[in-house]
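The values are calculated or read from the model by the stated rules, or taken from the named source; none is laboratory data. Everything numeric here is computed off the predicted structure, so don't read it as measured data. All Cβ positions, glycine included, derive from the backbone under ideal geometry; neighbour counts span all protein chains shown.
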Amino acid sequence: MKELALHILDLAQNSITANADLVRISVDENLTQDTLTISIEDNGYGMDEKQVDKVKDPFVTSRTSRKVGLGIPLMLAACQRCEGDLRIESQKNVGTKLIATFKHSHIDRAPLGNMTDTMISLIIGAENINFVYIHIINQEEFCFDTREIRQALGEVVPLSEPDVLDWIKSYINEGLSNLRGGVL
Amino acid sequence: MKTLKELEEIRKRTLETINVRKDRTGTRVVVGMATCGIAAGARPVLMSIMDEVKKNNLADVVVAQTGCIGMCRLEPIVEVYKPGEDKVTYVKVTDAKALRIINEHVMQGKIVEEYTIGAGDK
Ligand SMILES: Nc1ncnc2c1ncn2[C@@H]1O[C@H](COP(=O)(O)OP(=O)(O)O)[C@@H](O)[C@H]1O
Ligand SMILES: [Mg+2]
């Protein structure tokens, strides 16, 4: 994948498939330690130990339309290319957490890419699921939480309303731009 | 600065139009968003479809997403369902192609044959 944000979009779809109703995405850029850590955590149906062990293997999937699962092996390969790793913690009927690490400055590290479009895609694809997106650069933090937005909108207006999506786009763009000191 | 207060204004403003959207019986545009689709460029295709639907105020068009339909080589795939018509499957869609699909097929009812599945075999 050309962007890490595309891996995030793909892996968060696994959470949606697992019937999660809350998905937490965090991107932590620690420039002092030269690390980039991405985590995706859900409260979906989870996996047992045996499944977790097998899931990094591209020939494991529970889907029926195709024989190989690719999302997790692709992210694992992206991490390993950059002196990082992918850790999977999961518990049946509790949830799953993926933690992907990278050396921030590694020459083979794909750019983070467009997190705003990734969040918008997730939101319009899963109307009833809440998403939290936290982005940390060194100590500074930006937080986006669809539950707050739903609260402000009341019961009737959905997140998929075009004006709401525009607001979300600007909100995330602005938050990330502030984190980066004014440049996107 | 974007504030939550603005959302309350959006809420007041949209409450009236919302009922129109609720009983949408119009066209469904479905974008494949599994690993294969995303890797092939489905996200910008989805974004340009959303933008075009908004720009043209197509209130009765529903944009949805689906998983892998088993034709990974042909991704990004976009399916158009018009009421009372057969499903049309577009393959290897780009954002430029998506614009034509919305403008010609969704809005004017003219299928963009050259982008449909099977068009290459003819
Ligand atoms: N968040 C999750 N919750 C539960 N199961 C998961 C999760 N992520 C992955 N899995 C399991 O791991 C398998 C492989 O995932 P992945 O590599 O993304 O391939 P695919 O989604 O195409 O099956 C999935 O089919 C599913 O069974
Ligand atoms: Mg997957």
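See the values below:
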| quantity | calculated |
| --- | --- |
| Of all residues in the range A:1-18 being away from ligand 2 (no atom under 14 Å from the Cβ) and of a type outside the set (Gly, Ala, Ser), the one that is farthest from residue A:112 (Cα to Cα) | A:2 |
| Residue in the range A:49-62 that is at pLDDT 95 or above and more than 14 Å from ligand 2 (Cβ to nearest atom) present | no |
| Matching entry among B:36, B:72 (being buried (at least 20 other Cβ atoms within 10 Å of the Cβ) and within 11 Å of chain A (Cβ to nearest Cβ)) | B:36 |
| Restricting the range B:22-40 to residues that are over 16 Å from the mean Cα position of the chain (by Cα) and either at pLDDT 95 or above or not basic (Lys, Arg) (or both), the residue that is nearest to ligand 2 (Cβ to nearest atom) | B:35 |
| Subset of the range A:102-140 (residues that are touching a residue at least 60 places away in the same chain (Cβ under 8 Å) and exposed (fewer than 15 other Cβ atoms within 10 Å of the Cβ)) | A:105, A:111, A:128, A:138 |
| Pairs where the first residue, in the range A:1-26, is within 9 Å of chain B (Cβ to nearest Cβ) and the second is near ligand 2 (Cβ under 10 Å from one of its atoms) and charged (D, E, K, R), C-beta under 8 Å, 6+ apart | A:1/A:10 |
| Filter pass, residue B:27 being surrounded by fewer than 15 Cβ atoms within 10 Å (Cβ to Cβ), farther than 22 Å from residue A:117 by Cβ and either within 8 Å of chain A (Cβ to nearest Cβ) or out of contact with any Ser or Thr (no Cβ under 7 Å at 6 or more places or on another chain) (or both) | no |
| Test for residue B:63: is it in a helix (DSSP H, G or I) and within 18 Å of residue A:121 (Cα to Cα) | no |
| Which listed residue is under 19 Å from the mean Cα position of the chain (by Cα) and surrounded by fewer than 18 Cβ atoms within 10 Å (Cβ to Cβ), from A:82, A:143 | A:143 |
